[in-house]
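Read the structure below first, then the notes.
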């Protein structure tokens, strides 16, 4: 039994160390019938070669099960899987670098984006997918994804983008449209639409709902409990036509320039408002100082004496004020 648990643990550790999106390993029997599947995986039990590797049962994540001596176990991950369709270095192995879409007016654009999904762990769905499509020793996981997810994504993006203009998908808005703008960003609405189509047609192409989305906050719960639709996140959209693409790039640069100018104007306005507020605060302080000085003068006995004597033409010492003029001195009467 310990050797079974050790073997399964080594499989999970090897997958994590390799940093791959998917790993599956045949685990052969060591003479014991008790196995424990890791908490982040589902186990699929198959009979030996004599039985044609017939599917026996699924083992839930973290479950301990008793199997036959010669049975074999396939471990499938239950965590999020990423399918990157991009021209950058982040592209998933064997995935298309971009997919073609025809927007409103039949304008062709290239679309790059990301699909995030997981296996449907309800019942034995994941194991039935492996039994039908997952002979990974021959083709490889990424090749399977390219043939199933990649082809389905090409199909739904190509046929399902006509409700948007290319400016909407590229810039997030189109000023030529007169219909009221939605509170939801264009990229989110488009990602939900394409994701729902992808989820539907992937299930039709594969024969069952073998995969689920992982972002129910965006897509909603979906018709099947615990299996929300898959969401398609846009990374980049740009026209296929080179001249339109050049105009697109020019407009993007102008948009970036306008954004910088708006930010500079906003910063200038903020600085001006701060300067005005500072001047108002300084004026308030000065007015308070004048009031305080006046109050101090009114409360100062010497100042009050000088004010009283000044009314009768005397200085602060009670003497007649002298006026000095050129050529002599005169006393004010």
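Rule-based calculations on the coordinates, nothing more; no lab input. None of these values were measured; they are calculated from a predicted model. Cβ placement follows ideal geometry from the backbone for every residue including glycine, while neighbour counts extend to all protein chains displayed.
Order these by the 10 Å Cβ neighbour count, fewest first: 130, 190.
Exposure proxy ranking, most exposed first: 130, 190.
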Cα Rg, Dmax (largest Cα-Cα span) when computed across the stretch 148-254, Å: 15.7, 48
Cα gyration tensor, the stretch 54-130 - rounded (a/c under 1.5), prolate or oblate: prolate
Rounded FRET efficiency, nearest 0.05, which uses the C-beta distance separating residue 204 from residue 243 and R0 of 51 Å: 0.85
Stretchable slack from residue 258 to residue 304, in nm (0.36 nm times residue separation minus alpha-carbon distance): 10.1 nm
Centre separation in Å (Cα based) which lies between the stretch 78-98 and the stretch 111-190: 12 Å
Extension reserve of the residue 49-residue 183 stretch, reckoned as 0.36 nm per residue once the Cα distance is removed: 42.4 nm
Segment residue 91-residue 284, length gained on full extension (0.36 nm per residue, minus Cα span): 63.3 nm
